[in-house]
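Structure first, then comments.
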Amino acid sequence: MTHPDPSPQVLITEPWPDYALVDSGKGRKLERLGRFLIDRPEPQAMWVRTDPKIWHKANATFTAGSSDDDDNDTGKGRWQFTSPPPETFPLAWQDVGFLGRFTAFRHLAVFPEQAAHWQTIQRHARAANRPLKVLNLFGYTGLASLAAAQAGAEVTHVDASKKALQWGKDNQAAAGLQQAKIRWLLDDAQKFVAREVRRGNRYDGIILDPPKYGRGPKGERWQVFDDLPQLMADCGAILADDAKFFILTGYAARLSCLSLLALAQQHVARTNGQWQCGELALREEIGGRLLSTALYAKWECQVGGRQLI
């Protein structure tokens, strides 16, 4: 099938009340998350900081370990705090509540640039005249799952980490969505999707956010360059004929958004709708610069007769 070649586009996440990229530079980023001002590594921020003085106000700073870099989140580092933080702290995106955490791998249990995708998911879920069946693979702490469920979707959330799944359930309670239809499954994404193909199950939307490498709950090996093509083929097989969206995000530095797009188009063949690829970026609150954090490729159907771009 021949596809038009879309020009890569940047999906920008603007600051919101509980999150902002305040400033960046010299290989680090300064973020506001709830009541915390946080200083973390960001190798892509090679420029000069807009307001060097404000960095001294950070009350949480992460120092990377020897193997922690832009393309490797396995090297533990060390947090330094001006005062001991709580284990969790309440946050919200729009009207979806969740919990922030300081993890040993510099993450905060949320990837704010994904808010651009959460908006896409909610738009389709709210426009549908029925509950959409949504599959979230490598779902981590479940913010995309909560956004979908809050808009009325029935979600199957798959992750290989028991800890991440529990955090997702904690987020569901924090969001007040205990009655929402979310299945939290501890499973290997590849094996789960292969079983869904054999069972003939179909989904109206699929969210796919694979790591560069990882392990399943039984030690299954995942390498994105080796394993993503087959997983994509299986995802294409379980995406319903009248599906609403397919979203693929990549964080590995050697990836290209054009590579993600070509792979997705090969396996997610639909005659209607719109393809798009590009970068996810955060806009600085002070200087207005854009910090690219991830790559994406996605397909969307039309909503209300309007072509989505």
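Okay, here's what the table says:
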{"quantity": "Scan of the stretch 163-207 for residues that are in contact with a Phe, Trp or Tyr (Cβ under 7 Å, 6 or more places away or on another chain) and either open to solvent by less than 10 Å² (accessible area, probe 1.4 Å) or in a helix (DSSP H, G or I) (or both), ordered by number", "calculated": "164, 165, 168, 169, 171, 174, 189, 205, 206"}
{"quantity": "Given (1) touching a residue at least 24 places away in the same chain (Cβ under 8 Å); (2) out of contact with any strand residue (DSSP E or B) (no Cβ under 7 Å at 6 or more places or on another chain), index of the condition residue 200 fails", "calculated": "(1)"}
{"quantity": "Of all residues in the stretch 235-262 being part of a helix (DSSP H, G or I) and open to solvent by 30 Å² or more (accessible area, probe 1.4 Å), the one that is modelled with the lowest pLDDT", "calculated": "258"}
{"quantity": "Selection status of residue 58, at pLDDT 95 or above and either open to solvent by less than 40 Å² (accessible area, probe 1.4 Å) or basic (Lys, Arg) (or both)", "calculated": "yes"}
{"quantity": "Hits in the stretch 20-35 - residues which are touching a Pro at 6+ places or on another chain (Cβ under 9 Å), open to solvent by 10 Å² or more (accessible area, probe 1.4 Å) and on the phi < 0 side of the Ramachandran plot", "calculated": "28, 29, 32"}
{"quantity": "Positions within the stretch 126-145 being in contact (Cβ under 8 Å) with a residue 40 or more places away in the chain, in a helix (DSSP H, G or I) and more than 14 Å from residue 156 (Cα to Cα), in sequence order", "calculated": "127"}
{"quantity": "Subset tally (residues that are buried (at least 24 other Cβ atoms within 10 Å of the Cβ) and either closer than 30 Å to residue 284 by Cβ or of a type in the set (Val, Ile, Thr) (or both)) for the stretch 121-147", "calculated": "11"}
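Rundown of residues vs (1) of a type in the set (Val, Ile, Thr); (2) under 15 Å from residue 285 (Cα atoms), yes/no style:
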| site | (1), (2) |
| --- | --- |
| 24 | no, yes |
| 33 | no, yes |
| 38 | yes, yes |
| 49 | no, yes |
| 52 | no, yes |
| 58 | no, no |
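The values are calculated or read from the model by the stated rules, or taken from the named source; none is laboratory data. Note that the coordinates shown come from a computational prediction; the quantities given were computed from them, not determined experimentally. Glycine also receives a Cβ, built like all others from the backbone with ideal geometry; neighbour counts cover every protein chain displayed. Accessible surface is based on the protein model in full, side chains and every heavy atom, while ligands, DNA and RNA are left aside. Shrake-Rupley method; radii C 1.70, N 1.55, O 1.52, S 1.80 Å.
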